[in-house]
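Accompanying notes for the structure given below.
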Amino acid sequence: MATAGLAVSDLLVTTKSREVQRAEAAEAKGDSASAARHFLAAAHLEFVLTNDYADAGRPDLSVRSRIGAASCLWRAGEFRRARQVLEELMSANGENASTVLEVLADLQARFPEPS
Amino acid sequence: MRSLKFTAALERLSLFHPALIWGDIAAATAAVWTDLSELRPLTIEVENLRGYGKEQVVLIPSLNGLSVEAIQQSRRTFDSAKRVELAAIGVTGLALHYLAKHEIRDVTARGSGADYLVDEELHRLEIAGRSRKADLPAAWNDRKRRLARNAMPYVLSVVEFETPAARLGFFGE
């Protein structure tokens with residue numbers, strides 16, 4: 001069974017979801033090293049899903065996964081890469097700009113970059 | 001308005017929504033629910049949820065299968081805001097299942113929060129938890145306004161744990 005046509009693996013989606021949950025739980029428990037590991041795992045799975053959803057004809061979910069990847073990278077401490085992903089998303093389609101700026105402002109407020 | 005009652009078995013969340021991990025969520029839901037002066041039923045105003053309609057639903061909490069130690073551990077591990085956030089996810093998971101066997105399939109990070117996808121159609125689900133009754137209407141209206149900017153259908157759930165009560169709705173189709 002697939003989530004959005006044969007191009008998207010249920011197993012991949014479930015693994016990614018659970019990595020996000022593990023990361024958030026570790027983050028809430030103050031275990032930043034574990035949170036970073038799981039957020040990075042989730043980010044890489046989101047990159048795979050970004051393309052799979054696009055291939056499956058779900059551009060909305062492709063954008064969602066890309067925002068998810070950037071959010072995970074940011075929360076793993078990979079600020080520059082996260083910002084780059086969000087900027088690419090805005091460049092590719094201006095319609096995403098307000099959403100991306102909202103996500104970026106939220107990340108900056110809750111998880112500020114070290115100066 | 002018709003009112004239906006369900007016994008909400010927290011320990012079964014992992015059977016209702018097998019894609020996700022529910023241990024911390026079930027324990028936090030029990031912790032927040034049992035923080036009330038008594039273990040009160042939770043009333044949900046349902047708006048246009050597919051397979052259900054517009055009704056009022058009452059969830060009667062069942063802590064069977066959850067250990068006291070897991071609930072206490074949740075109180076020690078997560079701060080109160082995080083427990084409320086997790087408890088809102090637990091209540092929403094229960095409500096979606098009991099109302100119309102809806103299943104949460106996916107969770108992703110979105111900024112500092114998370115959003116979810118429901119059922120094979122992968123409708124977006126947003127969940128918010130509040131500790132105070134007075135904060136529910138504002139949280140509901142803010143999220144509805146933001147989610148409506150996107151043309152895609154969505155499910156919205158806001159839970160408050162003072163009464164306790166919730167609103168759950170499906171919009172956009």
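Here's the yes/no breakdown for (1) assigned to a strand (DSSP E or B); (2) free of Cβ contacts under 8 Å to residues at least 60 places away in the same chain:
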site	(1), (2)
B:His97	no, no
B:Leu117	yes, yes
B:Val159	yes, no
B:Phe170	yes, no
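Please tell me if A:Ala35 is assigned to a helix (DSSP H, G or I), at pLDDT 95 or above and either over 16 Å from the mean Cα position of the chain (by Cα) or under 19 Å from B:Ala19 (Cβ atoms) (or both). No: the conditions fail for A:Ala35.
Of the candidates B:Pro61, B:Pro153, the single residue that is at pLDDT below 95, touching a Gly at 6+ places or on another chain (Cβ under 6 Å) and of a type outside the set (S, T, N, Q) is B:Pro153. Would you say A:Ser71 is without any contact (Cβ under 8 Å) to a residue 60 or more places away in the chain and either of a type in the set (Phe, Trp, Tyr) or farther than 16 Å from A:Leu107 by Cα (or both)? It is false that A:Ser71 is without any contact (Cβ under 8 Å) to a residue 60 or more places away in the chain and either of a type in the set (Phe, Trp, Tyr) or farther than 16 Å from A:Leu107 by Cα (or both).
One line per residue, one yes/no per condition, for (1) hydrophobic (A, V, I, L, M, F, W, C); (2) away from chain A (no Cβ under 14 Å); (3) crowded, with 21+ Cβ neighbours inside 10 Å; (4) part of a helix (DSSP H, G or I):
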{"site": "B:Leu4", "(1), (2), (3), (4)": "yes, yes, no, no"}
{"site": "B:Asp24", "(1), (2), (3), (4)": "no, no, yes, yes"}
{"site": "B:Ala30", "(1), (2), (3), (4)": "yes, yes, yes, yes"}
{"site": "B:Val46", "(1), (2), (3), (4)": "yes, yes, yes, no"}
{"site": "B:Glu55", "(1), (2), (3), (4)": "no, yes, no, no"}
{"site": "B:Ala70", "(1), (2), (3), (4)": "yes, no, no, yes"}
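For segment B:77-116, taking the residues that are away from chain A (no Cβ under 13 Å) and over 9 Å from the mean Cα position of the chain (by Cα), the one that is farthest from A:Ser98 (Cα to Cα) is identified as B:Tyr98.
Against the conditions (1) out of contact with any strand residue (DSSP E or B) (no Cβ under 9 Å at 6 or more places or on another chain); (2) modelled with pLDDT under 90; (3) of a type in the set (Lys, Arg), B:Arg76 satisfies every one except (2).
Among the residues of this structure, B:Val158 does not count as one that is surrounded by 20 or more Cβ atoms within 10 Å (Cβ to Cβ), facing chain A (nearest Cβ under 10 Å) and within 16 Å of the chain's Cα centre (by Cα).
Rundown of residues vs (1) assigned to a helix (DSSP H, G or I); (2) in contact with a Cys (Cβ under 6 Å, 6 or more places away or on another chain); (3) touching a residue at least 60 places away in the same chain (Cβ under 8 Å); (4) crowded, with 19+ Cβ neighbours inside 10 Å, yes/no style:
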site: B:Leu59; (1), (2), (3), (4): no, no, no, yes
site: B:Glu85; (1), (2), (3), (4): yes, no, no, yes
site: B:Thr92; (1), (2), (3), (4): yes, no, yes, yes
site: B:Thr108; (1), (2), (3), (4): no, no, no, yes
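Inside segment A:19-44, residues that are at the interface with chain B (Cβ under 9 Å from one of its Cβ atoms), buried (at least 18 other Cβ atoms within 10 Å of the Cβ) and not aromatic (Phe, Trp, Tyr) make up a count of 9. The residue that is nearest to the other protein chains (Cβ to nearest Cβ), among those in segment A:45-72 that are over 14 Å from the mean Cα position of the chain (by Cα) and among the aliphatic types (A, V, I, L, M), is A:Ala56.
Residues considered: B:Ala166, B:Ala109. Of these, the only one that is more than 25 Å from A:Asp10 (Cα to Cα) and at pLDDT 95 or above is B:Ala166. Among the residues of segment B:24-40, those that are free of Cβ contacts under 8 Å to residues at least 60 places away in the same chain and farther than 14 Å from B:Arg12 by Cα comprise B:Ala31, B:Thr34, B:Ser37, B:Glu38, B:Leu39.
Looking only at segment B:122-149, which residues are part of a loop (DSSP other than H, G, I, E, B), in contact (Cβ under 8 Å) with a residue 12 or more places away in the chain and over 15 Å from A:Ser17 (Cβ atoms)? Listed by number, the residues that qualify are B:Ser131, B:Arg132.
Only one entry of A:Arg80, A:Arg58 meets the criterion of being at pLDDT 95 or above and either under 19 Å from B:Leu122 (Cα atoms) or not hydroxyl-bearing (Ser, Thr, Tyr) (or both), and that entry is A:Arg80.
The values are calculated or read from the model by the stated rules, or taken from the named source; none is laboratory data. Remember, predicted model here, so these are calculated numbers, not experimental data. Ideal geometry is used to build each Cβ from the backbone, glycine not excepted, and the neighbour counts take in all protein chains shown.
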